[in-house]
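Here it is, the structure, as structure tokens.
What follows is calculated from the coordinates using simple rules that are stated; it is not laboratory data. For clarity, every value in this text was computed on a predicted model and none was experimentally measured. Virtual Cβ from ideal backbone geometry, glycine too; neighbours counted across all protein chains shown.
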């Protein structure tokens with residue numbers, strides 16, 4: 001069985017916001033009108049950028065192509081079996097009548113959560129769970145089954161020692177970290193190669209514009225852009 005990626009990377013990589021904003025930012029076929037429920041798209045994005053690429057040819061898993069050339073699953077009913085086959089059984093599973101599944105067994109545990117429930121356009125909902133709450137929708141009240149795949153923590157170093165961007169020292173290790181965070185945040189810094197070139201600078205500006213931050217084209221340790229990159 002494969003190892004589920006680091007929780008922090010998955011948490012940062014799960015896109016926030018309205019579907020109308022998220023879909024065009026991912027781009028490609030993901031932006032097509034026929035995709036209405038985006039939770040599995042968002043979960044695919046998190047996995048793709050946390051180090052586990054969604055395959056194009058896994059049996060029983062239909063995918064579509066994003067603007068980044070990566071594959072995105074879009075059906076909850078297919079993604080849950082994929083996780084079972086790839087990462088094994090969930091750490092925790094509870095079943096019951098809607099509104100009766102307790103949250104206590106899930107408290108303090110972090111990872112990928114799946115709510116099996118009936119929606120008009122889906123058979124459930126995938127989200128990230130930080131031990132207390134989800135990023136998107138919390139459907140304990142609606143679900144007849146809830147599953148959590150716990151994710152490890154602390155396997156990646158997401159810190160920078162000096163500034164990155166326009167007029168900054170741009171140490172290679174720091175640039176790679178900022179590129180990683182920009183990509184997790186949908187800003188498309190391109191290859192995480194440690195080179196603070198035009199594409200990385202453009203990604204910093206784009207991220208700052210999206211989040212109404214000072215458009216200064218750099219990221220400082222402890223600065224407002226850094227805080228938003230690491231606390232979306």
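What distance in nm separates the simple spin-label points at residue 123 and residue 153, each placed 7 Å from Cα in the Cβ direction?
In this crude label model, residue 123 to residue 153 measures out at 3.3 nm.
Using a 10 Å cut-off around each Cβ, can you sort 44, 172, 120 from fewest to most neighbouring Cβ atoms?
120, 172, 44
On alpha carbon coordinates alone, what is the Rg over Rh value for the range 164-230, Rh being the Kirkwood radius?
Values: Rg = 10.0 Å, Rh = 11.2 Å.
Ratio of gyration radius to Kirkwood radius for the range 164-230: 0.90.
Taking 0.36 nm per residue of separation and subtracting the Cα-Cα distance, what length does fully extending residue 78 through residue 171 add? Let's see the in-between values first.
Numbers: separation 93, 0.36 × 93 = 33.48 nm, distance 4.22 nm.
Contour length minus the Cα-Cα distance gives 29.3 nm.
While we're here: Which length gain, in nm to one decimal place, applies between residue 141 and residue 34 when the Cα-Cα distance is subtracted from 0.36 nm times their residue separation? Numbers along the way, then the final one.
On the way: separation 107, 0.36 × 107 = 38.52 nm, distance 2.79 nm.
Gain on extension, residue 141 to residue 34, equals 35.7 nm.
Return the calculated 222 nm mean residue ellipticity for the chain, to the nearest 500 deg cm²/dmol, obtained by summing -39500 (n - 2.57) across DSSP H runs with n ≥ 4 and dividing by the residue count. Provide the component values of the computation, followed by the final result.
On the way: 7 runs with 72 residues, N = 232.
One gets -9000 deg cm²/dmol as the mean residue ellipticity at 222 nm.
Still on this model: Enter the Cα centre distance for the pair the range 12-54 and the range 191-232, rounded to the nearest angstrom.
20
Fewest Cβ neighbours within 10 Å first, please rank 144, 125, 211 accordingly. Before the final figure, lay out each step's value.
Numbers: 144 17, 125 23, 211 14.
The order, fewest Cβ neighbours first, is 211, 144, 125.
So, one more: Could you calculate the contour length gain from residue 210 to residue 133, that is, 0.36 nm times the residue separation minus the distance between their Cα atoms, to one decimal place in nm? Walk me through the intermediate numbers first.
Working: separation 77, 0.36 × 77 = 27.72 nm, distance 2.43 nm.
Roughly 25.3 nm would be gained on extension.
Compute the acute angle (0 to 90°) between the alpha-carbon long axis of helix 172-184 and the principal axis of greatest extent of the alpha-carbon atoms of the chain; round to the nearest 10°.
It is inclined by approximately 40 degrees.
What's the angle, to the nearest 10 degrees (0 to 90), between helix 39-50's Cα axis and the longest principal axis of the chain?
50
On to the next question. Of 49, 218, how do they rank once you tally other Cβ atoms within 10 Å and put the fewest first? The partial results should precede the final answer.
Details: 49 24, 218 21.
Going from least to most buried by this count: 218, 49.
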